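The values are calculated or read from the model by the stated rules, or taken from the named source; none is laboratory data. On a predicted model such as this, the values are computed, not experimentally measured, just so you know. With ideal geometry, Cβ positions are generated from the backbone for all residues, glycine too; neighbour counts draw on all protein chains shown. Accessible surface is based on the protein model in full, side chains and every heavy atom, while ligands, DNA and RNA are left aside. Shrake-Rupley method; radii C 1.70, N 1.55, O 1.52, S 1.80 Å.
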There are 2 protein chains.
Amino acid sequence: MSTLPRYLQLLWGLEPTGRRGPKPGRSVAEIGAAAVAIADRAGLSAVSMKSVAEAVGFTPMSLYRYVDSKDELQAVMLDVAYGPPDLDYGNRDWRSRISLWATEIAERRLAHPWTVELTPSTPPLTPNAIAWMEAGLEALADTPLTSQQRLSAMLAVDVWGQNHVRQSTRMGLVGPVDPESPQGSYLELITELIDPDRFPHLAKAGPEGLGDDDEDFYVEEFERGLGLLLDGIEALIARAG
Amino acid sequence: MSTLPRYLQLLWGLEPTGRRGPKPGRSVAEIGAAAVAIADRAGLSAVSMKSVAEAVGFTPMSLYRYVDSKDELQAVMLDVAYGPPDLDYGNRDWRSRISLWATEIAERRLAHPWTVELTPSTPPLTPNAIAWMEAGLEALADTPLTSQQRLSAMLAVDVWGQNHVRQSTRMGLVGPVDPESPQGSYLELITELIDPDRFPHLAKAGPEGLGDDDEDFYVEEFERGLGLLLDGIEALIARAG
DNA sequence: AGCTAACTGCTTGTGAGATACACAGAAGTC
DNA sequence: GACTTCTGTGTATCTCACAAGCAGTTAGCT
């Protein structure tokens, strides 16, 4: 049994009782929240050990009492940004359940667009992240799929949704406009580069597929893609059931 | 019309003719190849402006004649790593075509596992990346889907495949073992953390779903997930046709 | 009550990395 | 042959993440 990294112990409330020494001035959650606030306000690049430390009234090195590396800090940030899942599945069917699940996650991600930009180097083990995974599996609980199939299906939905949010926010379709992204220029560039003779399919898809940066393009495309995945799962269920 | 970034001009061979001054000593492609070699040998973190410069016989600052930032260098690296698509669709049906497409991309990614770790901040506009997208769309060309639907479907497949490679390499199922990743410990940690009462579904899926790190788990799971997506696309086609 | 071990946050320091700027020589143009 | 434009270079700055040792604090033991 390998011992848990400190930030996980702290997040899960697993510290041994009867500790000596001064009480910690802040909690990991507070530190994470401060980092989240900075990222929300000034972008991910503004989150440094120094800036976070200042925000909580620490010196940079003090943060290392709570977190062993910046990577771990980012894991905490994700946990704080997602928050606990709050889903009422009622007596919906599985299709409607994962839809709800996927939509809710997407909402949290949209609220903190930087969440889809950082790529954790280790699988998430923080409480909220775990809780969301649990909720996703629960959505598929009454299907005849094996737990492995459920896991795969859920992962597919999750990854797809994450990517959708990423693409949408980068193109400025949704959410607060990131000042440091060129957003609009992509379309200009692509039409400039794509020679219709060499890339006929792309040439057709480019303007048509990306052209209407309507407000609700995000929603339409979300439903389109999610539907595709759900149909795939449905086929899997049909075969298994 | 916004003007193209230099590295794209160079990659696409769009430099204006009749230039004065000395010829460039190297090409962007060479620089990219050097960076790729370093990443393959020593990991992504070993790729710095300095190390790449040394590899091509330059000083760090010289690289900025070819590439405006490290981000752009990474875009070049991806282009070099993917290489041009070399697919023979023959007279397969669409299902078999995208399968081939997805499999081929996955192979390239496996050959350079770091490709799935870096997240380009801008959509890919480099020649090979574009060519791969074109090939993906071509695979769906004779379906009754709109170009927008084709684009979405292709993107879904691509994102899923990328994630699959990422997960697999991180868990050490496939490819060269990254010395700086803890790999095995995840399973221990998760079983240590997941209280079966609070997270019943995960508790069941965890050991069962991730347990058999067999060699061919990668392939099985690849086919499973890809099949799910293809079934989704098929449903879409059925509805559209 | 006094002692001690374990813990707190702080101070100072280091090494790496990306990138700005001004320059000397090369290769075209007139 | 003079002018211009582009090449690669040397030097310097600025920001980070992170290392190591320190002084004050507190819970439990004697």
Is it the case that residue B:97 is modelled with pLDDT of 95 or more and crowded, with 21+ Cβ neighbours inside 10 Å? yes
Taking the condition more than 16 Å from DNA strand D (Cβ to nearest atom), surrounded by 22 or more Cβ atoms within 10 Å (Cβ to Cβ) and assigned to a helix (DSSP H, G or I), does residue A:156 pass? yes
Just checking, does segment A:65-75 include any residue being within 14 Å of DNA strand C (Cβ to nearest atom), in a helix (DSSP H, G or I) and open to solvent by 40 Å² or more (accessible area, probe 1.4 Å)? yes
Expected single match for out of contact with any strand residue (DSSP E or B) (no Cβ under 8 Å at 6 or more places or on another chain) and more than 24 Å from residue A:135 (Cα to Cα) among A:90, A:21, A:32, A:83 is A:21
How do the pairs read when you match residues in segment B:176-201 that are assigned by TED's automatic domain parsing to the domain that holds residue B:110 and at pLDDT 85 or above with residues anywhere that are surrounded by 15 or more Cβ atoms within 10 Å (Cβ to Cβ) and in a loop (DSSP other than H, G, I, E, B), using Cβ under 9 Å and keeping only pairs 6 or more apart or on different chains? B:193/A:4; B:193/A:125; B:193/B:199; B:200/A:141; B:201/A:140; B:201/A:141
Is it the case that residue B:109 is within 25 Å of residue B:70 (Cα to Cα) and either open to solvent by less than 20 Å² (accessible area, probe 1.4 Å) or within 12 Å of another protein chain (Cβ to nearest Cβ) (or both)? yes
Only one residue in B:10, B:63 is within 14 Å of chain A (Cβ to nearest Cβ), over 27 Å from residue B:170 (Cβ atoms) and within 11 Å of DNA strand D (Cβ to nearest atom). Which one? B:10
Scanning segment B:202-237 for residues that are within 7 Å of another protein chain (Cβ to nearest Cβ) and at pLDDT below 95 gives B:202, B:204, B:205, B:208, B:209, B:221, B:224
Contact list, first residue from segment B:16-38 and among the basic types (Lys, Arg), second anywhere and within 10 Å of DNA strand D (Cβ to nearest atom) and open to solvent by 40 Å² or more (accessible area, probe 1.4 Å), beta-carbon distance below 9 Å, six or more apart or interchain, is B:26/B:57; B:26/B:58
On the basis of being under 20 Å from residue A:224 (Cα atoms) and either within 12 Å of chain B (Cβ to nearest Cβ) or in contact with a Lys or Arg (Cβ under 8 Å, 6 or more places away or on another chain) (or both), does residue A:174 make the cut? no
Of the residues B:143, B:169, which is more than 30 Å from residue B:6 (Cα to Cα), more than 10 Å from chain A (Cβ to nearest Cβ), part of a helix (DSSP H, G or I) and not basic (Lys, Arg)? B:169
